1. Can you say whether ASP169 is farther than 23 Å from ASP93 by Cβ, modelled with pLDDT of 85 or more, outside the structural domain of LYS319 (by the TED database) and charged (D, E, K, R), as far as the supplied structure shows?
2. Does SER80 satisfy the criteria of being outside the structural domain of THR145 (by the TED database), in a helix (DSSP H, G or I) and either farther than 26 Å from PHE148 by Cα or touching a His at 6+ places or on another chain (Cβ under 6 Å) (or both)?
3. Of the conditions (1) in a helix (DSSP H, G or I); (2) buried (at least 20 other Cβ atoms within 10 Å of the Cβ), VAL190 clears all except one; give me its number.
4. Of everything in the stretch 172-184 that's open to solvent by 60 Å² or more (accessible area, probe 1.4 Å) and in contact with a helix residue (DSSP H, G or I) (Cβ under 9 Å, 6 or more places away or on another chain), which residue is farthest from GLY92 (Cα to Cα)?
5. Among the residues of the stretch 213-220, are any open to solvent by 20 Å² or more (accessible area, probe 1.4 Å), at pLDDT below 85, assigned by the TED database to the domain that holds PHE164 and within 20 Å of HIS97 (Cβ to Cβ)?
6. For TYR16, which of the numbered conditions (1) assigned by the TED database to the domain that holds VAL69; (2) exposed (fewer than 10 other Cβ atoms within 10 Å of the Cβ) fails to hold?
7. State all residues of the stretch 19-59 that are open to solvent by less than 100 Å² (accessible area, probe 1.4 Å), among the polar types (S, T, N, Q) and over 30 Å from GLY78 (Cα atoms); if no residue qualifies, say none.
8. Restricting attention to the stretch 231-261, which residues are among the polar types (S, T, N, Q), modelled with pLDDT under 85 and surrounded by fewer than 18 Cβ atoms within 10 Å (Cβ to Cβ)?
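The values are calculated or read from the model by the stated rules, or taken from the named source; none is laboratory data. The model shown is predicted, which means the values in this text are computed figures rather than measured ones. Virtual Cβ from ideal backbone geometry, glycine too; neighbours counted across all protein chains shown. Accessible surface is based on the protein model in full, side chains and every heavy atom, while ligands, DNA and RNA are left aside. Shrake-Rupley method; radii C 1.70, N 1.55, O 1.52, S 1.80 Å.
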Amino acid sequence: MPVPATKESGDVDSLYIFLLVSGLISFIILIGGMVIFIFKYRRKTEDQKSAYITHNTLAEFLWSFIPFVIMMIIFAWGWSVFHDLRRVGEKGDVEVHVTARQWAWTFKYANDIEINSPSDKKLVENDPDSTLLKPEIVVVPVGKTIRFILTSDDVLHSFYVPAFRNKMDAVPGRRTTFTFTPIEKGDFTVFCTEYCGTKHSNMMATIRVVDGEQFAAWQAEKIAGMAGANNKGPAERGEALFKGSLGCSGCHSIDGSRIVGPTFKGLYGNKRDFADGSSVTADDAYIKQSILVPTAKIVAGFPPAMSSFQGRIKEDEIKDIIEFIKTLK
C-alpha cells in the first residue's frame with residue numbers, strides 16, 4: 001500500500017497489522033499444537049488404548065475467554081476506526097460535493113468553485129482517438145478536515161483513495177460522505193472500485209494536498225476565473241457546460257463521431273428518427289425534453305443509457321446548452 005497520507009489511514013494500518021499478527025499467533029498455536037499432538041500422542045501399537053481423560057475447567061475457560069477478549073478488542077478498535085472514517089454528522093473545514101457519472105468525477109466546492117472532470121483540453125495519453133479525457137485535479141489543504149459528499153448521476157460508483165485507506169460508494173439518488181484529514185502533501189489518485197461500464201478502469205481523478213497558503217491562492221485564482229466566465233455569451237456558457245460539469249462530452253461528440261449517444265453535430269433543425277419508428281425535427285422543445293426526460297424519445301440505433309437531469313440543471317443552463325448546439329452545424 002502507499003504511504004498513509006491521512007490521520008485515519010495510520011489507524012487503519014495499525015488495526016490491520018494487529019489482525020495479521022494476532023491471526024499469525026493464533027495460527028501457530030492452533031495448527032502447531034495440532035501437529036505436535038498428532039506426533040506425541042499417536043497410537044504406537046495396534047492394541048494400545050486411549051487413556052481416560054477428564055476435562056480441565058481452567059483450560060476450557062481460558063481457551064474460550066482469551067479469544068473472546070481478543071475479539072472484543074478487535075470489535076471496539078474496528079468500530080472506533082470505522083467511526084473516524086465516516087463521521088457522517090461532522091461538517092468539515094472544507095466541504096466538496098462530488099458527482100460520479102460514466103466515466104468521470106465532478107467536484108464542486110461550497111463556494112461554487114467547480115472542478116470539471118474530465119477536462120476538454122487533456123486527452124488520455126497514448127490514445128489520441130479516445131473520447132475519455134484526462135481528469136482535472138481537486139485541491140485541498142493539509143491538516144484540515146475534508147468532507148466529500150458523494151452522489152451519482154447514473155449507476156453505482158465507488159470512490160477509493162488507496163493512500164487514504166478509505167472507500168465510499170456513490171449511489172444514485174442518495175448522498176454518502178467521505179471524510180479525511182490529510183497529513184501528507186502531494187498528489188493522490190482516486191479510483192472507481194465498482195464496475196460501472198466499459199471505461200471503468202479509466203475513471204480516475206487526483207486529490208492534490210497543499211499547504212494552507214497555496215490553497216487560499218488557488219481558491220482566489222479560481223474565483224477570479226469564475227468572474228471572467230460569467231461574462232461569456234450563452235453559446236460559450238453552453239460549451240463550458242457540455243465539456244465540463246454536465247459531462248455531456250463523455251457520451252456525445254460534436255464532430256459527428258459515434259460514442260455512447262448520438263452526436264450533437266448538425267442536430268438542431270434536422271430530423272431525428274426514433275426507435276419506435278417516429279421522428280421529429282430537433283428544436284428547442286425536443287432538446288429540453290431529451291435533457292429532462294431522456295427516455296421519452298430514444299434515437300434509433302442507440303441504447304436508453306442516459307439518466308435524467310431533472311432537478312440537476314437550471315432553466316438558464318438548458319437554454320445555454322441549446323444555444324451551443326445551434327452552433328454545431
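1. yes
2. Here the answer is no, as SER80 does not meet what is asked.
3. All conditions pass for VAL190, except number (1).
4. Across the stretch 172-184, the extreme among qualifying residues is GLU184.
5. There is at least one residue in the stretch 213-220 that is open to solvent by 20 Å² or more (accessible area, probe 1.4 Å), at pLDDT below 85, assigned by the TED database to the domain that holds PHE164 and within 20 Å of HIS97 (Cβ to Cβ).
6. The one condition TYR16 does not meet is (2).
7. THR45, GLN48, THR54, ASN56, THR57, listed by residue number.
8. Across the stretch 231-261, the qualifying residue is only ASN231.
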